[in-house]
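The values are calculated or read from the model by the stated rules, or taken from the named source; none is laboratory data. Quick caveat, the model's predicted, so the values are computed rather than measured. So basically every Cβ, Gly included, is an ideal-geometry build from the backbone, and we count neighbours across all protein chains shown.
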Amino acid sequence: MAFEKLSHSIQELNHNVQALMQSNAEYYKLLAFKSGMKGATSLVRFLVLAFLLSTAGMMISFALAILISEAIGTPSSGYFIVGGFYLLIFILIFIFGKEPIEKLILKKFSKAVFKEDDH
């Protein structure tokens, strides 16, 4: 009798441990899915905003180049000046900007993925 009770208790314990492991696995799958989706939606949002900002920047650059060309009197000079400005910005970012850009991106995506309260 005692052996049957002990055997039944061990079987019940085994069943409970398996159920716990399965529910933990499901929980971590859902947590990984939630984090992945937050990261993916943040990435898509960032890409859409970057596209819109770059389009606006391009239009403003063309307008500025035309304005400079008209002010100087040489048709292509404004384009060269604006292009040179962007080349200078590129060189400065290439030399000095790697670490600050990495920190900014890491901070933004970490907030999006690991934020617990959803407002």
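Would you point out which residue out of SER61, SER35 is assigned to a helix (DSSP H, G or I) and touching a residue at least 40 places away in the same chain (Cβ under 8 Å)? Can you show your working first?
Numbers: SER61 fails: touching a residue at least 40 places away in the same chain (Cβ under 8 Å).
Checking each option against the conditions leaves just SER35.
Can we say ALA56 is modelled with pLDDT of 95 or more and either out of contact with any Leu (no Cβ under 8 Å at 6 or more places or on another chain) or of a type in the set (Ser, Thr, Tyr) (or both)? Reasoning before the result, please.
Numbers: modelled with pLDDT of 95 or more: yes; either out of contact with any Leu (no Cβ under 8 Å at 6 or more places or on another chain) or of a type in the set (Ser, Thr, Tyr) (or both): yes.
In short, yes.
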*Scan the stretch 5-48 residue by residue and report those that are among the charged types (D, E, K, R) and within 25 Å of PHE114 (Cβ to Cβ).*
GLU26, LYS29, LYS34, LYS38, ARG45
*Enumerate the pairs (first residue in the stretch 67-94 and free of Cβ contacts under 8 Å to residues at least 60 places away in the same chain and at positive phi; second residue anywhere and in a helix (DSSP H, G or I) and not β-branched (Val, Ile, Thr)) with beta-carbon separation below 7 Å, excluding pairs fewer than 6 apart on the same chain, so at least 6 apart or on different chains.*
none
*Test PHE51 against the criterion of being touching a residue at least 24 places away in the same chain (Cβ under 8 Å) and under 30 Å from SER35 (Cβ atoms), and give yes or no.*
no
*Does the stretch 21-43 contain at least one residue that is loosely packed, with under 11 Cβ neighbours inside 10 Å and more than 32 Å from the chain's Cα centre (by Cα)?*
no
